[in-house]
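Below: the structure, in structure tokens.
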Amino acid sequence: MVLYYQEFWECQDNHCLVNVFPQHIRGNIFPEHLDGNHTPFTTDTLSQSPDIICSGTSLRTFAPANNSLISKAEWESLVTDLQWPFPPVDFLSPQEATNSTKCSFSVVNSSLSHTVGGFVDVILTARDSKNRPKTYGGDFFQAKLYNTELKASTYGAVTDHFNGTYTVRLALLWPGPAKVSIRLVHSSEAVQVLCRHREQEPDKVYFLGHFEEGVKQETAICNAQRSSRLLGDGAQCCCEYKELVTGEEWFCQQPSSLPCHALTYHSMGGYQAALSQLEKTLLQSKDIVLQGDESVIYVKPGNETRSQTKCRPGLHTSVPSGFYLQDHWTSLVCDSKTFPSAQLVSGCLKNKQILMMGDSTLRQWFEYLEKTVPTLKRLNLYTSSQSGPFEAVDLQSNTRIIWRAHGIPIRTSKTPKADLHYIAREVEDLAGGPHSVVVFTIWAHFTTYPLASYAHRLAIIRRAVSSLLQRSPSTLVIIKSANTGYKDVYGSDWLSWQLDLTLRTMFRDLPVVLIDVWQMTSCHYSPDNIHPPPVVIQNEVDLFLSFVCPE
């Protein structure tokens, strides 16, 4: 049974009419590379076999399909960008995997005279547990330059040479001593496990649908895709829910005694990844800082590193995109500002209507603003403390801020399904304007799904954002990137990084803002956590406000 819904169920006699997109969002609303003549693909045609991305083999040919927003050329380019070098042969034991305690690195010419504005290069050699140099790449490292006393750090990009060696270039952005830190997040063997299970096991996280009608109640397993588990144990299949405007789909096992339209609540179900013992061992390897060159790099004052560019949509995100000094983040993308007082924050938010949509990492922004500005008061909407929605208003500054979860799939406690709106649907209902700010993030609850599913969701959001900016170009649209902090098969930094790169690529042709918190969370000294500490959140929000109030 298929249900199409908008703000209410629209089914009569078990039959529903398909009217997915209203007239006002048809036409040429795509970025330049997605014109009206593109070859379309659906989620099904994008659901590639795992060997496309997970072992570096050539792309398979997809048959054209209808009603999609991703062209064949765009998809092939995206998959090529995301291909990862995996072990060329099957490995038999964890002893053959990259071992962080055996890897080493050295700083090139660390003893030379260095000045602010320069760079240092690092050479890294990967080894297995038997101390044998690796002969292939694919390990997932994270690198930074730091000074503990100065609370200073910056992110460094790692280059894979596909032969067991890697190089890192680190920018020298503050005067004084600095040291290099590199950690192995996942071995190439572990990354292969993550990728394979992402593509082959999309239901390793499952959800519950709570059906209610009168005094009757039933619970059924639900998910974003059909799967053998969803159909297993003799369950009736399936209740299919399709959102009227966005076309987003959701599936639940059909209750034994209640109709599909009785679905009332949504909640997290559980975890059920089918990992072998070898795979578990590979993923349990400790995320350890590598032993290597402990040389101190002495940096003399030099060129000004601060950007003079006005913070505005459409700016390129550099690597590094900024640096910490005394726990303050200085952006290299634009002339970022600080907002150290409630008065400054409130002044920036004056006459703004801000809609935030995403996960708990964006909810931290809402909570920070609520705590920082005493006159910003949250309304009691009697909603879920995890998934909202929340609303806060400041009558003195005429400010309204809403945060809501990005819609299913989302791992949350039992909450009314009607409160879980898709991002694209919310954007489609906005008039926009110079006082309107739209902020969204979407990644943490998609790390368990095939890349194609995530790209499909992004394409729907992109269409809605493009339409909004066409009808109201003065609307400010801000995207918060992924955080670091995940470490298992359900949510790994490597999985997050792949989604983050997909998001950046798919939105790069639109005049939107990207707040790069990936680098901000990766290089900070605080313990690894998907929810950064207040000092990091303050820097993230300051950067956000720098785009809201660039003058």
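The values are calculated or read from the model by the stated rules, or taken from the named source; none is laboratory data. Please read all numbers here as calculations on a predicted model, not as lab measurements. Because the Cβ atoms are built from the backbone with ideal geometry, glycine has one as well, and the counts that use them run over all protein chains shown. Remember, those area values only see protein heavy atoms, side chains included, never the ligands or the DNA or RNA. Shrake-Rupley method; radii C 1.70, N 1.55, O 1.52, S 1.80 Å.
So the values come out like this:
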read-out: Inter-centroid distance (Cα atoms) of the stretch 489-540 relative to the stretch 422-487, Å; value: 15
read-out: Rounded Å value of the spacing that divides the Cα centres of the stretch 297-366 and the stretch 141-173; value: 21
read-out: Counting DSSP beta bridges with both ends in the chain, the antiparallel % (nearest 5); value: 75
read-out: Cα shape, the stretch 258-369, gyration tensor, a/c 1.5 rule; value: oblate
read-out: Gyration tensor (alpha-carbon) shape descriptor, the stretch 191-318, a/c threshold 1.5; value: oblate
read-out: Calculated [θ] (222 nm, deg cm²/dmol) that DSSP helices of n ≥ 4 give over the chain, each run adding -39,500 (n - 2.57); value: -6500 deg cm²/dmol
read-out: Carbon plus sulfur fraction of accessible area for the stretch 139-229, probe 1.4 Å, in percent; value: 51
read-out: Estimated FRET transfer efficiency (SER385, GLN291; beta-carbon r; R0 56 Å; 0.05); value: 0.80
read-out: Which listed pairs, of LYS352/LYS414; LYS151/LYS286; LYS130/LYS286; LYS134/LYS204; LYS204/LYS280; LYS300/LYS337, have C-alpha distances above 21 Å, in listed order; value: LYS352/LYS414; LYS151/LYS286; LYS134/LYS204; LYS300/LYS337
read-out: At 1.306 mPa s and 10 °C, Stokes D of the stretch 143-204 from Kirkwood alpha-carbon radius, µm² per second; value: 112
read-out: The stretch 381-489 - share of DSSP beta bridges that are antiparallel (%, nearest 5); value: 60
read-out: Whether the stretch 316-449 is rounded, prolate or oblate, judged on the alpha carbon gyration tensor where a/c under 1.5 counts as rounded; value: oblate
read-out: Axial C-alpha extent at least 24 Å, average Kyte-Doolittle at least 0.0 - helices from the chain (DSSP); value: 451-471
read-out: 3J(HN,Hα) from dihedral phi, the stretch 392-400, Karplus parametrisation 6.51/-1.76/1.60, rounded to Hz, x for glycine, proline; value: 10, 10, 10, 5, 5, 9, 6, 10, 9
read-out: Average accessible area per residue (Å²) across the chain - probe 1.4 Å, nucleic acids and ligands excluded; value: 42
read-out: Within the accessible area of the stretch 403-551 (1.4 Å probe), percent carbon and sulfur; value: 57
read-out: Zone residues, the stretch 106-125, relative to LYS300, backbone N less than 18 Å from point 7 Å out along Cα-to-Cβ; value: 109-120
read-out: Hz values of 3J(HN,Hα) by residue in the stretch 300-315 - Karplus curve (6.51, -1.76, 1.60), Gly and Pro given as x; value: 8, x, x, 5, 5, 9, 6, 6, 9, 6, 5, 5, 7, x, x, 6
read-out: The stretch 415-536: Cα Rg divided by the 2.2 N^0.38 Å rule of thumb; value: 1.12
read-out: Tail weight of P(r) past 43 Å, computed on alpha-carbon pairs of the chain, percent; value: 20
